[in-house]
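Below is one structure, written out as structure tokens; the observations come after it.
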Amino acid sequence: MGPEGPMIALGATVGRAVSGMSNSPLRIKLPFFLRLRNPKDRRDFVAAGAGAGVASAFGSPIGGLLFSMEEVSSFWSHMMTWQTLFCCMLAAFTTNVLKAWDEGELGQMGGFIFRATTTDLHYNVLLCVPAMILGVIGGLLGPLFSICNLKLLKLRGKYFKSPWHRVAEVVLIAFITSAFVIFSPSLFNCRPCDVQDGNPTTCFENDSDTQRYTCQANEEYNDMASLTLSSGHNTLLRLFARESYKELTLFSLGLMLVFYFPMAVWTAGTIMSGGIVIPMLMIGALYGRMLGLIMVFLFGPTPSGAIDWMDPGLLALIGSASFFGGVSRLTVSLTMIMVELSSDVQLLVPLVITIIIAKNLADRFTAPVYHGLIEAKCIPFLGHHPKHHSFKSLDLYPVEALICNQKLVTMEDCESVKNVIAKLRSCRHNKFPLVERGTLCFIGSVRRDTIVLLLLREVFEEKAIPVGKKRRPWDHDEPGVFFEDQIATNSRQEKHVNWEQLLTEKGHLFLNLRPYMDRSAATIMTTFSVSRTYDLFRTMGYRHIFVLNKRGEPVGVVTKRDLMDYSVMNALVNAQPRA
């Protein structure tokens, strides 16, 4: 497991807490930045925080910006670009300063997790050939990783009924891993340290990470122990090392890959907190370095070492990008992260080739692992484009087909407390369409938590607004002022409301909802196409849109869940397309 995944989650969590200087679980409400306490700015802060986590982990501020733009956000703006870039640059700079201060080398720049060291090599256009091969391998192993991980997630939900089952799973994983780490190096013989031509005394770039295991002589080491008994980022540095093709054998790399791949699939999704970025980089680096060793064996090394364009360390870095792209389907952000990670701009072309091949090949098998986890947890998430249905063209179907079986609950602009409580208790809707008494025409929407707050504060009236009362343009209702933190705090008290006592004492009174309604609620007509509705949700960031008929009466509401693939397919099975 890697620490960079939790760092991204921590960055998003900090962004959520900083938004508006409020935190409901900790009951912190500071009187600053009140205008930022809204869903849009909150989502922007979360996206910027996730990008800052990437920038801090890999020392890649531009990669963090592109990651936030490509994977985290569903809506982007020009202002969001420079704001997120500034946040990522500040996060990377702060990490570098703290790391340099801890190591006593103030001014040193580098990523917090690791930064691959490079050696100047002379590249060749033939490097594109192994890059294509690694792209194909990543495009095949990436979907296999995602499918197996999602299968295990479903099995956990089916058979693990107690938290102790999850704890026992972690203990079993720790036992198997420890046994492999300790006993697998015994299958390998000691190797002399003077394995690199022209460098008879050094095994690796960092001698302290070279593991002797049971080797007695100081000039010998165990290559398998050097892979298993080191930390994750040290092992990656060893795999990425250039001009060191003799240090790790094909057998040790193959055995490590055969064990590491299924264990990474199994470990991802357990109760342990950890990311899958380091495992993805590790798996790709293992088979990438294996391909480099095979090419060196087939074509032979030069007198001074391996041929530059087939250097195993170079192909290990490209292999990491291929498997990362095959699992996550990131393209632009992944390319920039790998370039900034290696500090080698010359790798841009082979990295783009292997990532594009891995992504397009993997897309033919399954969805990205992150999107698959979102669907497995039943979280409504819309992709950039609706999935292609072989026999359904979403442009030909009206949105009315998605709401034909809905039972819509509406609120009148001036409703009796008795009816309001009955409607609240009959459903769990978070927002209600507001209609005018008598005409039933749509005039706005009102949130559930706002209604609960009004009931708790007993903002009632003795008489209802007369039906059909004509309102002059300047005779408008004064909007009610409720800050979002006050609404959220009181909405959690709904389960403690004594509905029966409220009905008995205040049921005959009326609740005027006009001052508290949202007058700019999004609406569409019943003839609106499903495809256009999908585009509205993606581009405008809506959570729900009310559907009106020709008379302006609300007949349904479309949410993100209604536009999920399975919901659309079920709703359009018997629907007839428009001519």
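Data overview
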{"quantity": "Spin-label pair Phe299/Cys148, simplified geometry with 7 Å Cα→Cβ offset, distance in nm", "calculated": "3.0"}
{"quantity": "Cα centroid separation - the stretch 159-187 against the stretch 496-553, whole Å", "calculated": "51"}
{"quantity": "Net lengthening on full extension, Lys161/Cys128 (0.36 nm per residue, minus Cα-Cα)", "calculated": "6.9 nm"}
{"quantity": "Cα→Cβ-extended label distance, 7 Å offset, between Arg578 and Arg16, nm", "calculated": "3.9"}
{"quantity": "Cross-link pairs beyond the 25 Å C-alpha cut-off, checked among Lys158/Lys359; Lys154/Lys560; Lys407/Lys550; Lys377/Lys423; Lys377/Lys431; Lys377/Lys560", "calculated": "Lys158/Lys359; Lys377/Lys423"}
{"quantity": "Scaled radius of gyration (Cα, divided by 2.2 N^0.38 Å) that the stretch 215-362 gives", "calculated": "1.06"}
{"quantity": "Residue order for Lys463, Lys431, Lys418 - accessible surface, 1.4 angstrom probe, largest first", "calculated": "Lys463, Lys418, Lys431"}
{"quantity": "In Å², nearest 10: area of Met272 left accessible to a 1.4 Å probe", "calculated": "70"}
{"quantity": "Cα-based shape type of the stretch 129-195, given that a ≥ b ≥ c are square roots of the gyration tensor eigenvalues and the cut on a/c is 1.5", "calculated": "oblate"}
{"quantity": "Simple spin-label estimate for Asn498 and Leu172 in nanometres, 7 Å along Cα-Cβ", "calculated": "5.2"}
{"quantity": "Solvent-accessible surface (1.4 angstrom probe) belonging to Asp344, in square angstrom, nearest 10", "calculated": "20"}
{"quantity": "Measure of compaction for the stretch 320-460 (Cα Rg per 2.2 N^0.38 Å)", "calculated": "1.73"}
{"quantity": "FRET E, pair Val181, Ala522, Förster distance 35 Å, beta-carbon r, rounded to 0.05", "calculated": "0.05"}
{"quantity": "Cα gyration tensor, the stretch 406-462 - rounded (a/c under 1.5), prolate or oblate", "calculated": "oblate"}
{"quantity": "Val14 accessible area, 1.4 Å probe, all protein chains in place, Å² to nearest 10", "calculated": "90"}
{"quantity": "Contour minus Cα-Cα distance for Lys418 and Cys441 (0.36 nm per residue)", "calculated": "6.1 nm"}
{"quantity": "Extension gain (nm, one decimal) between Ser273 and Phe381, 0.36 nm per residue minus Cα-Cα", "calculated": "36.6 nm"}
{"quantity": "The stretch 547-577 residues near the modelled Asn405 label - backbone nitrogen below 12 Å, point 7 Å along Cα→Cβ", "calculated": "567-575"}
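The values are calculated or read from the model by the stated rules, or taken from the named source; none is laboratory data. Remember, it's a predicted structure, so these values are computed and weren't measured experimentally. Using ideal geometry, Cβ is built from the backbone for each residue, glycine included, and neighbour counts are taken over all protein chains shown. The area values use the complete protein model at the heavy-atom level, side chains included, leaving out ligands, DNA and RNA. Shrake-Rupley method; radii C 1.70, N 1.55, O 1.52, S 1.80 Å.
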